[in-house]
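Engineer: Quick one: structure below, then a few questions.
Since every read-out is calculated from the coordinates, none of them should be taken as a lab result. What you see is a predicted model; the values in this text were computed from it and never measured. Cβ: placed from backbone, ideal geometry, glycine included. Neighbour counts: every protein chain shown.
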Amino acid sequence: MSGLESVLVVGTGLIGTSIALALREQDVTVYLADRDAGAVRLARELGAGTEWVDGLTVDLAVIAVPPQGVAARLAELQRAGAARFYTDVASVKVLPLQQAASLGCDLSTYAAGHPLAGRERSGPAAARADLFLGRPWALCPAEETSPDAVEALYGLIKLCGGEAVRVGAAEHDRAVALVSHAPHVTASAVAARLAEAPATALGLAGQGVRDVTRIAASDPGLWTGILSGNALPVAEVLEAVAADLAAVAASLRESAGPAAMDGVMDGVTALLHRGVAGTSRIPGKHGGPARTYATVQVIIGDRPGELARLFQAAEEVGVNIEDVRLEHAPGLPLGAADLYVQPEAVVVLSEALRSRGWHLP
């Protein structure tokens, strides 16, 4: 397939609307459909496309609904002849494929997909055209899927700026259980400890607990559907995590007792080392091995334009800011920005910022 000229996006939430916005920036004709008329209206007002009219046939239909609803929507669209090819964005793949087969869907025109991108916020108002830039996008075609359907999905991924990764459905589901679904549950478990925490504890909260619990702010209803659709792989990861945590808790209790013996903390230390090793294997921002960056910390005011000024100063001396992290000072109109740069750029950036009046601790 040479290119996509028209696309139907079914489901105008965060992912669906973000895809539509990305396609509109590439001058693709985009139609929008959703059972929530308000969501379609908002997506349209954001410039994501025009409302779908029955009877049209597009090059590709993107089904952006929860996993349990993908197959039914695929069957409806195929019966209506809505598109030449179809894909989805659900975060589990075995379930939609099995259900589509049981409903008698034409799997030759359906290439299952999953963009690994998202935000803690949901709905069309949170959508961004650049959401998929450089992000992995799984392609999980069935045996029956035609090469043309796969090519159509490749075309969509390219237009949205994603990085295509071809993988089997079952392997995909095991992978996302490990790197996405189980981490979300563990983050929620930590965050749940804070729901009735005393004010003193919350007042002492630092960046660490914010990092660990950030994803726990996502929509519980959406995540219940995701987790139930990938139940067994997620359960296996959580059981392994729970076993590690139980062993650590037992060692800590034993170490606090009056008869604590040498070596009782060895298992805890071993887990911490394994954590360091696992973290080091997470790919860097351009893929491949993660790079080790140096940090330049800058005190910034909590007012408009501060970050822009900071980045402008870095640009003027030719320093690329690889990443940035903000930590606000409770009760004060300022905070700290940690700028991650190449080690050789630390001195250049630090001197440039100080000469421009920035305070570096």
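Engineer: For His172, His359, what's the fewest-to-most ordering of other Cβ within 10 Å of each Cβ? It would help to have the intermediate numbers written out before the result.
Structural biologist: Working: His172 25, His359 12.
Fewest to most other Cβ atoms nearby, the residues stand as His359, His172.
Engineer: If you count, for each residue, the other Cβ atoms within 10 Å and average over each peptide, how do 46-58, 190-202, 133-145 line up from highest to lowest? Intermediate values should be presented prior to the final figure.
Structural biologist: Numbers: 46-58: 15.2, 190-202: 10.2, 133-145: 18.1.
Highest-to-lowest ranking by the protection proxy: 133-145, 46-58, 190-202.
Engineer: Whole-Hz Karplus ³J(HN,Hα) for the stretch 308-321, in order, using 6.51 cos²θ - 1.76 cosθ + 1.60 and θ = phi - 60°, x for Gly and Pro?
Structural biologist: So the J values, rounded to whole Hz, are 4, 5, 5, 5, 4, 5, 5, 5, 5, 9, x, 9, 8, 7.
Engineer: A further question on this structure: Quick one: if you stick a label point 7 Å off each Cα along the C-beta vector at Ala126 and Glu163, how many nm between them?
Structural biologist: With each label point 7 Å from Cα toward Cβ, the separation is 2.4 nm.
Engineer: Between Asp211 and Leu271, what FRET efficiency follows from the Cβ-Cβ distance if R0 is 22 Å, with the result rounded to 0.05? Working shown, then result.
Structural biologist: Working: r = 18 Å, r/R0 = 0.84.
Using R0 = 22 Å, I get an efficiency of 0.75.
Engineer: Let me have the 222 nm mean residue ellipticity of the chain computed from DSSP H runs of 4+ only, each contributing -39500 (n - 2.57), with the sum over all residues rounded to the nearest 500. Could you put the intermediate results ahead of the total?
Structural biologist: Numbers: 14 runs with 158 residues, N = 361.
Only helices count here, giving -13500 deg cm²/dmol.
Engineer: Step through the residues of the stretch 191-199 one at a time and calculate ³J(HN,Hα) from phi using the Karplus curve (6.51 cos²θ - 1.76 cosθ + 1.60, θ = phi - 60°), rounding each to whole Hz and writing x for Gly and Pro.
Structural biologist: Using θ = phi - 60°, the values come out as 5, 4, 5, 8, 4, 10, 5, x, 4 Hz.
Engineer: Also, quick follow-up: How do Ile157, Ile215 rank when sorted from fewest to most other Cβ atoms within 10 Å of their own Cβ?
Structural biologist: Working: Ile157 22, Ile215 19.
With the fewest neighbours first, Ile157, Ile215 line up as Ile215, Ile157.
Engineer: In addition: Just report the Cα centroid separation between the stretch 47-119 and the stretch 148-163, whole Å.
Structural biologist: 14
Engineer: List every residue whose amide H lies under 5 Å from the amide H of Val89, counting only residues 5 or more places away in sequence or on a different chain, with H placed 1.01 Å from N in the peptide plane.
Structural biologist: Under 5 Å from the amide H of Val89 lie the amide H atoms of Ile63, Val65, each far enough along the sequence or on another chain.
Engineer: Applying the Karplus parametrisation 6.51 cos²θ - 1.76 cosθ + 1.60 with θ = phi - 60° to the phi angles of the stretch 228-241, what ³J(HN,Hα) value in whole Hz is obtained for each residue in order, glycine and proline being reported as x?
Structural biologist: Each residue of the stretch 228-241 in turn: 5, x, 10, 4, 5, x, 5, 4, 5, 5, 5, 5, 5, 5 Hz.
Engineer: Over the chain, what is the relative contact order in whole percent, taking alpha-carbon pairs under 8 Å and six or more residues apart?
Structural biologist: Working: 597 pairs, mean separation 42.7, N = 361.
This gives 12 percent for the chain.
Engineer: In what order do Ser255, Ser146 fall by count of nearby beta-carbon atoms within 10 Å, going from fewest to most?
Structural biologist: Numbers: Ser255 13, Ser146 16.
Going from least to most buried by this count: Ser255, Ser146.
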